[in-house]
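Read the structure below first, then the notes.
The values are calculated or read from the model by the stated rules, or taken from the named source; none is laboratory data. Note that the coordinates shown come from a computational prediction; the quantities given were computed from them, not determined experimentally. Glycine gets a Cβ as well: all are built from the backbone with ideal geometry, and neighbour counts include every protein chain shown.
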Amino acid sequence: MRRGTWVVFIISLFVNPIYAQATKVQAPEFELQVGNAKYDVAEGKTFSIVTPKGERIEVLLRRKEVLQFAEHGVSFNYDSSMKVEVTKELGVVTIAVESIASTIAMIQIHSVPAKPNEVRDVLIQSLRDEYKSRGAEFLEGSGRTIKRQFRGMDQEGQYLEFLLGGERMRAEIYAFQKGDTVISIMFQHLASDAELAKRNFSVISNSLQ
């Protein structure tokens, strides 16, 4: 298993300025065609269409609050405000689920021979080494054991908390067996986004299959 790629990818998400401040996003516009009639549609705004019988109906186009990812032998729900990116390298599939804030979930499917505790230990040590090299200060309590439910079962992981660039960050790292593969999961966020992280991560962990 490659240590560097996974960790550097995580780090790069936090040093990117997009996570330091919210960005303005223009609502996408759509065109709805009903029969031969076409209507300009803006997300989240009510509009009216006229049926062939002359009836006027109010319609609202909006995004789903929760979306589903189902590929590479895993499935889970995630908040629709988050974006998913999949990368593959040397027997490891990495699924990054990111929000415009600091909340990041990293799910990896390891098809190479490995034990869950070995995968978790490597990831934790890699994170520690990488963040220390960037001047991070790990806080008291980092490394303690925590539990979270995945697939309806309690899984033990480790918790990290540290200061980096004046920001307080928190991470949880888990790894467990699923059939012939090992699934590793990291949840990471700024302390200031704790409430958002709690909501976003629960949607993923409660639905992971």
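Table for the structure above
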| quantity | calculated |
| --- | --- |
| Checking residue 199 against (1) touching a Ser or Thr at 6+ places or on another chain (Cβ under 8 Å); (2) modelled with pLDDT of 95 or more, the condition it does not meet | (1) |
| Pair list, Cβ < 6 Å and 6+ apart or interchain, from the stretch 44-72 residues that are in a loop (DSSP other than H, G, I, E, B) to residues that are polar (S, T, N, Q) | 63/80; 64/80; 65/80 |
| The listed residue being small (Gly, Ala, Ser) and surrounded by fewer than 16 Cβ atoms within 10 Å (Cβ to Cβ), out of 192, 184, 207 | 192 |
| Residue 86, sole failed condition from (1) without any contact (Cβ under 8 Å) to a residue 60 or more places away in the chain; (2) within 14 Å of residue 185 (Cβ to Cβ); (3) β-branched (Val, Ile, Thr) | (2) |
| Sole exception among (1) farther than 22 Å from residue 117 by Cβ; (2) under 19 Å from the mean Cα position of the chain (by Cα); (3) of a type in the set (A, V, I, L, M) for residue 186, by number | (1) |
| Matching strands (runs of 3 or more DSSP E) fully within the stretch 114-209 where at least 3 residues are within 18 Å of residue 97 (Cα to Cα) and hydrophobic (A, V, I, L, M, F, W, C) | 167-178, 181-190 |
| One residue from 132, 115 being without any contact (Cβ under 8 Å) to a residue 12 or more places away in the chain and either assigned by TED's automatic domain parsing to the domain that holds residue 175 or surrounded by fewer than 17 Cβ atoms within 10 Å (Cβ to Cβ) (or both) | 132 |
| Members of the stretch 135-159 that are more than 17 Å from residue 185 (Cβ to Cβ) and surrounded by 15 or more Cβ atoms within 10 Å (Cβ to Cβ) | 136, 138, 142 |
| Answer from 173, 183 - the residue that is modelled with pLDDT of 95 or more, within 19 Å of residue 129 (Cβ to Cβ) and assigned by TED's automatic domain parsing to the domain that holds residue 134 | 173 |
| Members of the stretch 56-105 found to be surrounded by 15 or more Cβ atoms within 10 Å (Cβ to Cβ) and among the acidic types (Asp, Glu), listed by number | 79, 98 |
| Filter result for residue 108 (surrounded by 16 or more Cβ atoms within 10 Å (Cβ to Cβ), touching a Phe, Trp or Tyr at 6+ places or on another chain (Cβ under 8 Å), without any contact (Cβ under 8 Å) to a residue 24 or more places away in the chain and not basic (Lys, Arg)) | no |
| Single residue of 166, 143, 152 found to be at pLDDT below 95, within 22 Å of residue 76 (Cα to Cα) and assigned by TED's automatic domain parsing to the domain that holds residue 94 | 152 |
